[in-house]
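Written out below as structure tokens is the structure these notes cover.
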Amino acid sequence: MYSLSGKRIWVAGHRGMVGSALVRRLQSENCHILTATREEADLKNQASTLAWMESHKPDAIFLAAAKVGGILANETYPAEFLYDNLMIEANIIHGAHRLGVEKLMFLGSSCIYPKFAPQPITEDALLTGSLEPTNEWYAIAKIAGIKLCDAYRKQYGADFISAMPTNLYGPGDNFDPNSSHVMPAIIRKAHEAKLRGADSITVWGTGTPKREFLHVDDCADACVHLMKTYSSDGHVNVGSGQDLTILELTQLVCKIVGFHGDIVHDLSKPDGTPRKLMSADKLRSMNWAPKIDLEDGIATVYKWFLENRA
Ligand code: GFB
């Protein structure tokens, strides 16, 4: 058991959807939460990151800072998705080693797995096949992050661990039509179509790919659980254990939003990987399960969207 009580816990990336969920979740722990603004620490810069870490002396770190985006953003900005993420994770993980940080959790993504991995995907499928081309840049950066944690554990005995969340959704998400992930994109499209009285909404690709979704508050809870209880090399999948097609997701979102028009497919846009359902067995064996049902979760995010972004 690693106790968070009385500890100085740095949530790197606290303004992002995952980081802000971690900050919310840590408020019920008896710990001191540290955050760094972009002006205080440029995480892509080693000297700036190290200087901030030296002056704030975190005991433990959740590494949730990353350049993220949906399928089109990944395809359009391969250099940033690879370089920015490599720099951020290398600076923070190496800095944690230099400072003797007690514990660090690196957060990755389910896109680390081969495009055609057997489903549900167990942790040992890593590096057994070729990646999905639309997000291989991001995936390679995330695989490097897992290996950095494992390397510092192997060489120096550092207690650095990795968690691989599935596709996440929740409050604070990016609702930009070009750079967002599918869930916020569909919520916004259905909402705006309802307001306009439109006949249809357009979704990208065939609608046949399957995706697994987890509410970000469940993800944050799982991360805190792993931070306290997991200490080993190798990453842990963090998912709901259930997936649905993009068409089924769109129909569910439309029902929640109250849009009753048609769903049209833009076949010029990529489908991405056909399926990436992760095995939830390892995390379940550590006595953790998600609490937020998908339909309830989407309803609360739509409410958040109406109050904050619409
Ligand atoms: O969420 P998403 O952008 O990323 O897209 P990935 C998931 C699926 O939804 C794809 C379809 O098949 C998209 O073609 N889709 C349909 C849409 N309509 C839309 C839309 O309006 N916007 C978007 N964005 N998608 C990402 C990776 O892959 O998953 C990242 O690129 C990361 O690296 C993330 O791993 C979790 O699930 O395909």
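The values are calculated or read from the model by the stated rules, or taken from the named source; none is laboratory data. Please read all numbers here as calculations on a predicted model, not as lab measurements. Neighbour counts are summed over all protein chains in view; Cβ atoms, including those assigned to glycine, are modelled from backbone coordinates with ideal geometry. Accessible surface is based on the protein model in full, side chains and every heavy atom, while ligands, DNA and RNA are left aside. Shrake-Rupley method; radii C 1.70, N 1.55, O 1.52, S 1.80 Å.
Listed by chain and number, the lysines whose alpha-carbon sits under 22 Å from that of Lys154, ignoring those within fewer than 8 places in the same chain, are Lys103, Lys142, Lys228, Lys282. Extending 7 Å from Cα along the Cβ direction at Leu195 and again at Gln251 yields two label points whose distance is 2.8 nm. Relative to one another, the C-alpha centroids of segment 17-54 and segment 240-277 are positioned 34 Å apart.
Helix 216-229 and the longest principal axis of the Cα set of the chain meet at an angle near 20°.
In degrees from 0 to 90, rounded to the nearest 10, what is the angle of the helix 246-257 Cα long axis to the longest principal axis of the chain? The angle comes out near 80 degrees. Shape class of segment 186-254 from the alpha-carbon gyration tensor: prolate, with a/c at 1.5 or above and a/b greater than b/c.
Normalised Debye scattering of the chain at q = 0.16 Å⁻¹ gives log10 I(q)/I(0) of -1.37, counting only Cα atoms as equal scatterers and leaving out solvent. Helix 17-26 against the longest principal axis of the chain: what's the angle in degrees, Cα atoms only, rounded to the nearest 10? The angle comes out at about 60 degrees.
With the cut-off at 1.5 for a/c, could you classify segment 29-81 from its C-alpha gyration tensor as rounded, prolate or oblate? It is oblate, given that a/c is not under 1.5 and a/b is not larger than b/c.
Contact order, relative form, for the chain: 20 percent (alpha carbon pairs under 8 Å, 6 or more residues apart, mean separation divided by residue count). Taking every alpha-carbon pair under 8 Å whose residues sit at least 6 apart, segment 95-226 reaches a relative contact order of 25 percent. Using the Cβ-Cβ distance between Thr76 and His265 with R0 set to 22 Å, the FRET efficiency from 1/(1 + (r/R0)^6) comes to roughly 0.60. Extension gain for Met1 to Thr208 (0.36 nm times residue separation, less C-alpha to C-alpha distance): 70.3 nm. Are there GluC sites (Glu not before Pro) in segment 1-89 that DSSP marks as loop and that have at most 16 other Cβ atoms within 10 Å, and which are they? Passing both the DSSP loop test and the Cβ count: Glu39, Glu40. At a probe radius of 1.4 angstrom, the accessible area of the chain per residue rounds to 44 square angstrom. What percentage of the solvent-accessible surface of segment 16-63, computed with a 1.4 Å probe over protein heavy atoms, is contributed by carbon and sulfur atoms? C and S atoms contribute 47 percent here.
In a reduced charge model with +1 at each Lys and Arg Cβ and -1 at each Asp and Glu Cβ, the chain shows a dipole moment near 340 debye about its Cα centre. For the chain, what is the calculated [θ] at 222 nm in deg cm²/dmol (nearest 500), taking -39500 (n - 2.57) for each run of four or more DSSP H residues and dividing by its residue count? When only DSSP H runs of four or more count, the value is -13500 deg cm²/dmol. Working from Cα pairs under 8 Å separated by at least six residues, relative contact order for segment 227-299 is 53 percent. Put +1 on the Cβ of every Lys and Arg and -1 on every Asp and Glu Cβ in segment 1-101; which of Asn74, Gly95, Ala47 then has its Cα farthest towards the positive end of the dipole? Working it through, the farthest residue towards the positive pole turns out to be Gly95.
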